[in-house]
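Okay, structure first, notes after.
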Amino acid sequence: MRTSASNFPFHLSDGPSPFLPFPISASAAAPRRAAAGDDSDERSLRGHRVAMYRAASGLGALKRHGLDGQMLNVAIRCASTSVAQRSSGGFWTWLTGARSNALPPPDFTLPGVTIPPPLPDLVEPGKTKITTLANGVKIASETTPGPSCSVGVYVNCGSVHEAPETLGATQLLKKMAFTTTTNRSHLRVVREIEAVGGNVKASANREMMSYSYAALKTYMPEMVEVLIDCVRNPAFLDWEVKEQIMKLKAELAEASSNPETFLLEALHSTGYSGALATPLIASESSVGRLNTNVLEYFLAENYTAPRIVLAATGVDHDELVSIAEPLLSDMPSVTGPAKPKSTYVGGEYRRTADSSNTDVALAFEVPGGWLKEREFVTVSVLQTLLGGGGTYSWGRHGKGLHSSLNHLANEFDQISSIAAFKDVHSNTGIFGIHTSTDAAFVPKAIDLATRELTSLATPGKVDQTQLDRAKATAKSSILMNLESKASATEDMGRQVLAFGERKPVEHLLKAVDGVTLKDITALAEKIISSPLTLASHGNVLNVPTYDSVSGKFRSK
């Protein structure tokens with residue numbers, strides 16, 4: 001008897017069998033099938049398919065006759081059970097020579113398997129617990145449901161702490177994160193992270209360095225030990241430092257060619273005098289002067305105990321403290337140098353680039369920064385009021401169908417994108433509008449941006465409906481960001497560094513609800529009364545003069 005592979009209920013040549021750790025080809029299977037000589041099994045397979053077809057046809061008929069959901073489920077279970085009982089085993093019988101047991105129905109409970117109870121409709125958020133070690137290091141954590149956790153080390157140190165001889169040190173430290181330490185080789189660090197399925201990240205900004213590690217809760221002790229080792233004990237091998245400097249130069253060159261990144265840098269270097277004018281994206285010559293000695297000096301000067309917070313989400317606090325305290329308690333308790341001062345002054349920066357478009361940013365100072373909670377919350381609502389985005393993008397943060405800047409992007413084809421932005425620091429910040437447009441349309445685009453900014457400072461231009469929508473958007477953004485354990489951990493670390501505590505999210509939501517139309521008008525007027533900072537990139541020939549643009553705000 002000749003038997004072809006088509007007699008089987010699936011194609012064996014399509015890939016490995018779900019029952020076997022190795023593939024079986026059709027050409028190899030056919031002789032073995034013929035040698036078995038089991039005609040009854042072949043007939044059984046055909047009968048099995050017919051039974052399943054009839055069962056499906058019968059269920060389809062029941063659906064067409066409007067059988068209710070409960071009776072339909074009973075019919076499905078009966079059909080699947082009856083077909084399983086009539087099955088002779090098919091492929092399994094051919095493979096092992098033994099007949100398989102009848103298949104259980106889909107709702108059959110497996111012995112020894114306990115199904116956990118579902119979560120309640122309302123899960124109370126965990127409260128943040130903080131422990132301060134004798135040397136000043138703070139350990140903060142909160143419990144959350146779920147199998148994963150996030151751990152981070154946050155240092156009150158950034159580009160504002162760089163001196164002329166250490167320019168670019170924070171960016172290089174970010175690149176050197178999770179490389180060779182005095183206890184582990186780079187390979188071992190990587191292998192230990194991969195072994196637990198972890199995800200690590202380091203970032204550097206103007207006022208804070210952060211190192212984070214996310215994995216399953218089971219591995220929290222290993223996560224904390226590796227994370228602290230990488231932060232405290234980097235080896236700074238010469239060849240690794242040189243390799244990362246080469247990579248950093250390429251990375252910074254790419255970032256400086258990005259108009260949005262460049263404009264934010266230009267707004268700081270032009271709009272401020274003092275520490276915030278220090279470039280976050282250092283020049284290639286500054287990075288080239290860095291070496292092992294510079295990094296070791298910068299680390300010893302700034303990575304001191306009172307300026308470090310270990311934060312974690314999804315862990316038990318007592319367990320975290322018991323693991324971290326022996327690893328952090330011997331850090332020096334010196335406070336280090338005070339944070340350098342910055343003064344907002346305004347100004348203009350232009351950069352010509354080979355492009356048919358022009359990117360322009362108009363910015364003003366946010367007084368007080370995020371340490372002044374009321375102003376920070378109000379400027380966040382201001383950003384959602386203006387919104388904005390690109391012509392073909394829908395859903396970016398701070399933008400919606402009803403925002404005024406989004407209407408401009410759809411009304412004028414010359415505008416590629418236009419959006420409100422803010423970059424707020426501890427004691428100050430900037431707020432404004434960035435737009436990318438055709439070079440010939442730049443004067444008109446600046447007039448439109450000016451109109452939108454001044455309208456916020458004009459009583460009656462913003463109504464209660466618009467304000468309520470903006471506040472709802474701002475609260476939604478806050479809650480969505482805190483859905484991520486990594487974001488929640490960073491928020492915890494940042495707040496504990498700044499305030500020594502973490503304010504609950506309900507406090508922030510209540511502050512957003514408390515913003516009034518009077519608050520919007522008063523803060524907007526205060527913002528646009530500060531000196532203008534104007535930055536442009538691309539084809540800048542048609543950008544109006546600084547005095548002419550600044551005069552549009554003084555005349556309002």
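The values are calculated or read from the model by the stated rules, or taken from the named source; none is laboratory data. This one's a predicted model, so the numbers in the text were calculated from it and none came from an experiment. Backbone-built Cβ (ideal geometry, glycine too); neighbour counts: all protein chains shown. With ligands, DNA and RNA removed, areas are computed over all heavy atoms of the protein, side chains included. Shrake-Rupley method; radii C 1.70, N 1.55, O 1.52, S 1.80 Å.
Points worth noting:
- Selection status of residue 370, hydrophobic (A, V, I, L, M, F, W, C), modelled with pLDDT under 90, more than 18 Å from residue 473 (Cβ to Cβ) and not in a strand (DSSP E or B): yes
- Neighbours by Cβ (under 6 Å, 6+ apart or cross-chain): first from region 290-309, among the hydrophobic types (A, V, I, L, M, F, W, C); second assigned to a helix (DSSP H, G or I): 290/172; 294/166; 298/166; 298/169; 309/493; 309/496; 309/497
- Within region 289-304, considering residues that are under 30 Å from residue 132 (Cα atoms) and touching a Phe, Trp or Tyr at 6+ places or on another chain (Cβ under 7 Å), the one least open to solvent (accessible area, probe 1.4 Å): 295
- Residues satisfying the stated conditions in region 333-365, i.e. in a loop (DSSP other than H, G, I, E, B), crowded, with 16+ Cβ neighbours inside 10 Å and at pLDDT 95 or above: 346
- Qualifying residue in region 437-451 (condition: surrounded by 20 or more Cβ atoms within 10 Å (Cβ to Cβ) and touching a Pro at 6+ places or on another chain (Cβ under 9 Å)): yes
- Hits in region 431-440 (condition: out of contact with any Phe, Trp or Tyr (no Cβ under 7 Å at 6 or more places or on another chain) and either in a helix (DSSP H, G or I) or closer than 12 Å to residue 264 by Cα (or both)): 433, 439, 440
- Any hit, region 109-118, residues being touching a residue at least 24 places away in the same chain (Cβ under 8 Å) and farther than 19 Å from residue 501 by Cβ: no
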